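Worksheet: the structure to be examined is printed underneath.
The values are calculated or read from the model by the stated rules, or taken from the named source; none is laboratory data. What you see is a predicted model, and the numbers here were worked out from it, not measured in a lab. Here the Cβ positions follow ideal geometry from the backbone for every residue, glycine too, while neighbour counts run over all protein chains shown. Just the protein is used for accessible areas: all its heavy atoms, side chains included, with ligands, DNA and RNA removed. Shrake-Rupley method; radii C 1.70, N 1.55, O 1.52, S 1.80 Å.
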Amino acid sequence: MPLPRNTTDLPFEDACAQVLDFLRQEVPLGHWSISRYDGERQVHLQLRDDAYGVRAGDHRAWDTSLCARMVAGAPRIAPDVAAVAQYANAPVRQEAPIGAYVGIPLHDADGGLFGTICGLDPNPQGRRLDQHAPVLELLGSLLTAVLRAERSRDRTRQLTRWTLGGAAGSPLKGVVDRGAWYEFLTAADEQHRVHGDPARVAVFQAADETAAARVAQLLRQNLREHDVVAVLGAGEVGVVLTRIPPAAGELCVGRLQRALADAGLRVGVGSSAYSIADGFAAAWARAESAARAGREQRTAA
């Protein structure tokens, strides 16, 4: 089977699929995946798995993974993980049998760690696994180049129309309307599914539209340029916190709620982490339900 074609014009998603198909045939381990490090977790974006029942979107705490140890300096190829001190007692090995491991880091456009090519097998493989090192390093370099090219292209057409513009007929700079919110979620779903970028959706439920406008403006002032704020109608303000891990996103929402309270704005608040498995629409629905419940409780009080 030929190596995946070396072109940075190839979409990252397609390049990942080609690399995984190649590895499954040429380096037949029970599990091959492209995983994403989101700051807290190892998230599987694409995989070829015949051994562990892992699915795209599944994740685990990063510091329990073998890949975390590889990035910290452990060998990239371990034909017998039990013989490598850094891997032998890794928590993940208490959950599943792992006899052999391969890990190759992938780097984002800014040079930071994006994730890994990860190979696992329940059984030790012997020293012959080391023979694949040059090809594995080449594939890691290829995917990193494709990713960086795609990220660069994305930045030129990035979602600034949703973060820098204003809603039609609205004086609120950087706050979009419900129509643009739907457009953003559709575009973001595709991008986040492919790249595994972490995000959180939050909903702030105000008493009326006047209060919602005040909430939106204060939120805009307290968020990063690439976060999205939208006035959605019926007193509802939606926010997408982009490129933020789950725990950090939850802390950010709490900070925003306190800022609103300090400004005398009483709102119901709900939030939910984005998941590759069910997308932004489901995260919005969960956040919306929690915000409305919170608003009703405040009103009753």
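Angle between the Cα long axis of helix 12-26 and the longest principal axis of the chain, 0 to 90 degrees, nearest 10?
20
Determine the shape class of region 217-265: with a ≥ b ≥ c the square roots of the Cα gyration tensor eigenvalues, call it rounded for a/c under 1.5, and otherwise prolate if a/b is greater than b/c, oblate otherwise.
oblate
May I ask for the angle, rounded to the nearest 10°, between helix 178-195 and the longest principal axis of the chain, with both axes built from Cα atoms and the value confined to 0 to 90°?
Between the helix axis and the principal axis of the chain, the angle is about 10 degrees.
Write out the trypsin sites (Lys or Arg not before Pro) in region 193-301 meeting two conditions: DSSP loop, and at most 12 other Cβ atoms within 10 Å of their Cβ.
Here the trypsin sites (Lys or Arg not before Pro) that fit, given the DSSP loop and packing criteria, are 224.
I need the P(r) histogram for region 34-119: all alpha carbon pairs, bin width 5 Å from 0 out to the longest distance, whole percents.
The percentages, shortest bin first, are 3, 15, 26, 29, 19, 6, 2, 0.
Can you tell me the relative contact order of the chain? Whole percent, Cα pairs under 8 Å, sequence separation 6 or more.
Numbers: 570 pairs, mean separation 44.8, N = 301.
Reported as a whole number, the value is 15 percent.
Relative to the longest principal Cα axis of the chain, at what angle does helix 246-262 sit, 0 to 90 degrees, rounded to 10?
10
Find the accessible area per residue for region 1-112; the probe is 1.4 Å, ligands and nucleic acids are left out, and the unit is Å².
I get 44 Å² per residue for region 1-112.
Would you kindly work out the equivalent ellipsoid of the chain from its C-alpha gyration tensor and give its semi-axes, the square roots of five times the eigenvalues, largest first in whole Å? Write out the running numbers ahead of the final one.
Numbers: eigenvalues 358, 87, 40 Å².
Ellipsoid semi-axes (Å, largest first): 42, 21, 14.
If exposed means no more than 13 neighbouring beta carbons inside 10 Å and the site is in a DSSP loop, what's the longest run of the chain without any exposed GluC sites (Glu not before Pro)?
It runs 96-224.
Looking at the chain as a GNM with Cα springs under 10 Å, which of 216, 17, 199 has the largest mean-square fluctuation?
Top of the fluctuation ranking is 17.
Probe radius 1.4 Å, ligands and nucleic acids left out: which of 101, 182 has the largest accessible area, and how do the rest follow?
In descending accessible area the options line up as 182, 101.
Hey, any idea what the orientation-averaged projected area of the convex hull of region 90-138's Cα atoms comes to, in nm²?
Computed as one quarter of the Cα hull surface, the answer is 4.3 nm².
Would you look at the GNM of the chain, springs on alpha carbons closer than 10 Å, and say which of 221, 18, 86 moves the most?
221
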